[in-house]
Structure formats: structure tokens, C-alpha cells
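K.L.:
One structure follows; several queries about it will come next.
The values are calculated or read from the model by the stated rules, or taken from the named source; none is laboratory data. Small disclaimer: the values here were computed from a predicted structure and weren't measured. Neighbour counts run over all protein chains shown; Cβ positions are idealised from the backbone, glycine included. For accessibility, only protein heavy atoms count, side chains too; no ligands or nucleic acids. Shrake-Rupley method; radii C 1.70, N 1.55, O 1.52, S 1.80 Å.
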Amino acid sequence: MGYSGLRLIKEALTGHKGWGPQWRDASPQDAYDYVIIGGGGHGLATAYYLAKEFGGARIAVLEKGWIGGGNVGRNTTIIRSNYLLDGNEPFYEFSLKLWEGLEQDLNYNAMVSQRGILNLVHSDAQRDAARRRGNAMILNGSDAELLDVDGVRKMYPFLNFDNARFPIKGGLLHRRGGTVRHDAVAWGYARGADRRGVDIIQNCEVTGFRIEGGRVLGVETSRGYIKAGKVGVSVAGSSSRVMAQAGMRLPIESHVLQAFVSEGLKPFIPGVITYGAGHFYCSQSDKGGLVFGGDIDGYNSYAQRGNLPVVEDVIESGMSLIPGLGRARLLRGWGGIMDMSMDGSPYIDKTHIEGLYFNGGWCYGGFKATPAAGYCFAHLLKTDRPHDTAKAYRLDRFMTGHMIDEKGMGPQPNLH
Ligand SMILES: Cc1cc2nc3c(=O)[nH]c(=O)nc-3n(C[C@H](O)[C@H](O)[C@H](O)COP(=O)(O)OP(=O)(O)OC[C@H]3O[C@@H](n4cnc5c(N)ncnc54)[C@H](O)[C@@H]3O)c2cc1C
């Protein structure tokens, strides 16, 4: 069933009785050409593009819980293409272009809102770094504008410009960045994949791999054994645990990242702002809540909840940037498990086991990557060659010395 304005009017006049489920509740079959493990944004997008762009085949997505229960429904919804390094920026620009056409492509309202993202700068050195990154973005076909302090003041007059420990000196504005309603992305890709014949199987946990002679033959699941031609793993925060079942140890640590929402307020933040002197970022949802977050909890964990010291740290940073935040009530907070790689950049690669492919290490930036990660992973699964924009995301880059150290922080996930 297609969605359209006409359809909406018809349903409104007939008591909304004609809407069907958005995807089938599929049961596992004995065998598939492609099995994708993980029904988050990346797994669903992979299945969608495999079915749509790379020729029909029998495809299943296996999800241990429910669609939208992982990080795809837990993130702070920011999309952007404002990276510095060659290994990253073309990939994220490709992703942003896919976001720009996504709602038409999926026939689904994902509330893509290119409201702009502003990275504040607080020193001359930071301004130089922002200018360099802005130039790299423009050279890769993205957009960037360097604002002076008056330019920032015009957009965000309520920030703490002069009395703060780190006064605001300007900012790097990326107008095409913004936000997308995160769970609608999961539902939209699920519906799109289902319409192209993909089986989306919820409550189906992968518990092991059957591997013989260096080749993967299928997966053991809580709902029985499933044969597979090729297996793609896209399980974000659970990457280390799932790949350990295939005997692999990954250059990934899992940490919790928390997010917070305030009570609903009248609209006053037009875009996304990030604080350059502490780990804090904020936007305002269409319901009026301030959506914000900061640093990861600095210890390894698979728990989907964080601890109070980071809550205190995020709120402190927020209040030093927006003093008025102290008068808003915090409505809720939650956590998700981050697959932190050792250089802050992801992997989309084959493994040494024939037929087993891996997509992960997205740290806290994988939501914006969803369309391109899905597309590039589907490309790799189908052709056995990396997509042009994802060539650098190799698993062996620490052995060959080709790290993509975007944030310049080295092998410390808690500092990324
Ligand atoms: C608080 C927070 C804020 C964030 N903010 C942003 C942001 O603003 N912008 C941005 O770009 N990124 C952000 N991120 C990161 C982003 O959400 C993730 O990098 C991205 O969603 C990961 O990909 P995914 O959607 O496929 O993950 P998930 O939705 O986590 O999907 C993985 C799925 O695999 C399933 N799974 C795990 N093990 C198994 C198994 N054994 N068998 C079957 N299924 C299994 C899980 O249940 C899960 O549903 C944020 C993350 C968090 C937690």
C-alpha cells in the first residue's frame, strides 16, 4: 500500500480502517541467499538496497529483539557530512545525498529536516581547525560557512558568549546537516525491504555460526538453524559478542552513550549546536523537547543505561553554554551501546571467513551513516568489492598503518 495525500484523506473520511501492518511478521525459512544479522538501521538499509539496487535474491534480516529497539531508536537523530579526512568525507557526503532523497525513495515520512548544524569555536586555534575542515568539506562537495561571533549571535542570541570560561569566538556552519526522526528511519527501511520481498524476522537471536573449511554455511538461532549463501553482520554495540561466535576478536570496545530530553518548550533552537569546549550538543524536537547529549560513559559495558557522573558532566557543560537550561526540567534519559573503534572510524569489510562480512565500529556516529552504510554493505555483499566511498573502512588497517584518525585522539574511545 502506497502512502499519499489522497490516501490520507480517504482514510480520514472512512475511519482509518484501511491501514495495514507496515511489514509482514515473517517466519524463518530453511535457507536464504543473504542473511543479515541485526534489524537496526544499518541491517534494514542493507537488506533494502540489496533487494532494490543489486538484484532480487532470498534475503532475511534476523533481529534478536524488535525493530527500532537498538541504537537506531536511541540516538539523538543528527545527520551531517562535516568530516575532515579523505577516508571519511566522501562517504558521509554520499550518505547525506541519500538522506536528501530518502523519503521519496521509501515513500515514507522520516521527517528529514536540514535545519543546519553549528560547531562552535572558542579559540584562534579552533577557528583555524574549523576553517581547514570547512575547506575539506567544500572540496568534497559538501557545504560549510565560517561564522564570526556576530553571525553566531544572530542565530543563537541566548548562548553564553562572554561570561563563560570559554567565550564563543565563532562557528562552522553546515547548513545541509540536521535531524531525522530516528525510529521512522527503521520503520521506513523495514517497510521498503518487506515490499521487495525481504523476510524481517524479529525475536530471532543469532547464537552461533556454522563454519566448515573456512566458509560460513549458515547461522544457529533461537528459532533454529538457517542456511545462508552469505552472512552480513550489522549488530552495532553487540559486534564483539556476535563476531566472537565466529572466533574473531575485533578492534572494538563497547561503551554506553546516554541521551536526554527536557520538557517541551516553545521553539527557540533553530538547528543543532555543538559546544567546542566541552562535550555537549543540543537540538529541539518538533514536540519542543531539548534533545541533548555528551560524552560516553568511560568504562566498557553492554548495559543499555549509563551512570550519574556523565549525567552531571553533560548538564554542567550544557548550562555553561546555555545558562537558561538550568530552568528546564529533564524529562527522560536513556543509553545505548556504542561499538567504539580504535581510531573513531568504522569498518565495512569482508572477514577471513568466506561468505562472512562485517559492518560495525560506528562509535556514536552511525545514524547519519545509515543510508550509505546500508548501500555500501549491500554493494560489498553482492559484488565482493568495496564501494568507492567505503574503501578505507578495512578491518586490517591497524596492521597496515592506514588508520582514519578523524578526531586525532588515538586509541582511546573515551576521548573520541
Ligand atoms: C544516545 C545515542 C546518541 C546517538 N546520537 C547519534 C547522532 O546524533 N547521530 C549519529 O549519526 N549517530 C548517533 N548515535 C549512533 C547511532 O545510533 C549508531 O551508530 C547506529 O544506530 C548503529 O547502527 P544500527 O542502527 O544498525 O544499530 P542498532 O539499532 O543498535 O542495530 C543493531 C541490532 O542488532 C541486534 N542484535 C544484536 N545482537 C544480535 C544477535 N545475536 N542476533 C540478532 N540480532 C542482534 C540488536 O538487537 C539491534 O537491534 C547515537 C547513539 C546513541 C546510543
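K.L.:
Using only alpha-carbon positions, what ratio does the radius of gyration of segment 299-416 give when scaled by 2.2 N^0.38 Å?
P.N.:
Working: Rg = 18.0 Å, N = 118, 2.2 N^0.38 = 13.5 Å.
Cα-based Rg divided by the globular estimate yields 1.33.
K.L.:
Rank these by accessible area, largest first, 1.4 Å probe: Arg394, Arg327, Arg7. Please list the in-between numbers first.
P.N.:
Values: Arg394 115, Arg327 215, Arg7 60 Å².
Ranked from most to least accessible, the order is Arg327, Arg394, Arg7.
K.L.:
With charges set only on the Cβ (+1 for Lys and Arg, -1 for Asp and Glu), what does the dipole of segment 239-310 come to about its Cα centre, in debye to the nearest 20?
P.N.:
On the way: 5 positive and 5 negative charges, 33 e Å.
It works out to roughly 160 debye.
K.L.:
Quick one: pull the percentage of alpha-carbon pairs in the chain with a separation above 39 Å. Don't jump to the answer; show the numbers that get you there.
P.N.:
Values: 15895 of 86320 pairs.
The answer is 18 percent, as a whole percent.
K.L.:
Treating the beta-carbon of each Lys and Arg as +1 and of each Asp and Glu as -1, no other charges, what is the dipole magnitude of segment 180-302 about its Cα centre, to the nearest 20 debye?
P.N.:
The calculated dipole for segment 180-302 is roughly 520 debye.
K.L.:
In terms of solvent-accessible area of protein heavy atoms at a 1.4 angstrom probe, what is the ranking of Ser222, Ser320, highest value first? The partial results should precede the final answer.
P.N.:
On the way: Ser222 75, Ser320 45 Å².
Greatest to least solvent exposure: Ser222, Ser320.
K.L.:
Follow-up question, since we're still on this one. Give me the distance between the Cα centres of segment 228-291 and segment 349-366, rounded to whole Å.
P.N.:
Spelled out, the Cα-based centre of one part sits 18 Å from the other.
K.L.:
Using each residue's phi in segment 29-34, evaluate 6.51 cos²θ - 1.76 cosθ + 1.60 at θ = phi - 60° and report the 3J(HN,Hα) Karplus result to the nearest Hz, with x for Gly and Pro.
P.N.:
Whole-Hz 3J(HN,Hα) from phi for segment 29-34: 8, 5, 8, 9, 6, 10.
K.L.:
Show me, for segment 383-396, the HN-Hα J-couplings you get by feeding each phi into the Karplus relation (A = 6.51, B = -1.76, C = 1.60, θ = phi - 60°), rounded to Hz, glycine and proline as x.
P.N.:
Values, residue by residue: 9, 6, 10, x, 5, 3, 7, 10, 4, 7, 7, 8, 6, 8 Hz.
K.L.:
If you average the alpha carbon positions of segment 70-85 and of segment 119-175, how far apart do those two centres end up, in angstrom?
P.N.:
20
K.L.:
Starting from the Cα-Cα distance between Ile138 and Asn163, subtract it from 0.36 nm times their residue separation and give me the gain in nm to one decimal. Show your work: numbers first, answer last.
P.N.:
Working: separation 25, 0.36 × 25 = 9.00 nm, distance 3.33 nm.
Length difference between fully extended and current span is 5.7 nm.
K.L.:
Let me ask something else. What percentage of the solvent-accessible surface of segment 51-140, computed with a 1.4 Å probe over protein heavy atoms, is contributed by carbon and sulfur atoms?
P.N.:
Numbers: 1900 of 3790 Å².
Ligands and nucleic acids excluded, carbon and sulfur reach 50 percent.
K.L.:
With springs connecting C-alpha atoms under 10 Å apart, model the chain as a Gaussian network and identify which of His402, His16, His174 has the largest mean-square fluctuation.
P.N.:
Fluctuation is largest for His16.
K.L.:
Roughly how many Å² of Phe268 are accessible to a 1.4 Å probe, to the nearest 10?
P.N.:
Looks like 70 Å² after rounding.
K.L.:
Among Gly224, Gly278, Ser262, whose Cα projects farthest towards the positive end of the dipole of segment 218-300, with charges put on the beta-carbon of Lys, Arg (+1) and Asp, Glu (-1)?
P.N.:
Value computed over the given set: Gly224.
K.L.:
Using the Cα centre of the chain as origin and beta-carbon charges of +1 (Lys, Arg) and -1 (Asp, Glu), tell me which of Gly2, Asn203, Leu118 is placed farthest towards the positive end of the dipole.
P.N.:
In the chain, that residue is Gly2.
K.L.:
On to the next question. Would you kindly derive the ³J(HN,Hα) couplings of segment 122-136 from the backbone phi angles with the Karplus curve 6.51 cos²θ - 1.76 cosθ + 1.60 (θ = phi - 60°), listing them in order in whole Hz, with x for Gly and Pro?
P.N.:
After applying 6.51 cos²θ - 1.76 cosθ + 1.60, I find 10, 7, 5, 5, 5, 5, 4, 5, 5, 4, 5, 5, x, 5, 4 Hz.
K.L.:
Could you work out [θ]222 nm for the chain from helices alone, using -39500 (n - 2.57) per DSSP H run of at least four and dividing by all its residues? Round to the nearest 500 deg cm²/dmol. Before the final figure, lay out the partial values.
P.N.:
Values: 10 runs with 115 residues, N = 416.
Counting only the DSSP helices, I get -8500 deg cm²/dmol.
K.L.:
Could you report the accessible area of Phe209 in Å², rounded to 10, computed with a 1.4 Å probe on the protein chains as they sit in the structure?
P.N.:
Counting only protein heavy atoms, Phe209 exposes about 30 Å² to solvent.
K.L.:
Can you list the aspartates and glutamates whose alpha carbon is less than 19 Å from that of Lys154, not counting same-chain residues fewer than 8 positions off?
P.N.:
Glu145, Asp162
K.L.:
Which of Ala164, Asn82, Trp99 sits closest to the plus end of the dipole of the chain, meaning its Cα is farthest towards the positive end, when Lys and Arg get +1 and Asp and Glu get -1 on the C-beta?
P.N.:
Positive-most Cα among the choices belongs to Trp99.
K.L.:
Please give every one of the lysines within straight-line cross-link reach of Lys350, meaning a C-alpha to C-alpha distance under 22 Å, and leave out same-chain neighbours fewer than 8 residues apart.
P.N.:
Lys52, Lys227, Lys230, Lys382, Lys391
K.L.:
Using the heavy atoms of the protein chains alone and a 1.4 angstrom probe, what is the accessible area of segment 78-192 per residue in square angstrom?
P.N.:
Working: 4910 Å² over 115 residues.
Here the per-residue accessible area is 43 Å².
K.L.:
So, with +1 on the Cβ of K and R and -1 on the Cβ of D and E, and no other charges, what is the size of the charge dipole of the chain about its Cα centre, to the nearest 20 debye?
P.N.:
820
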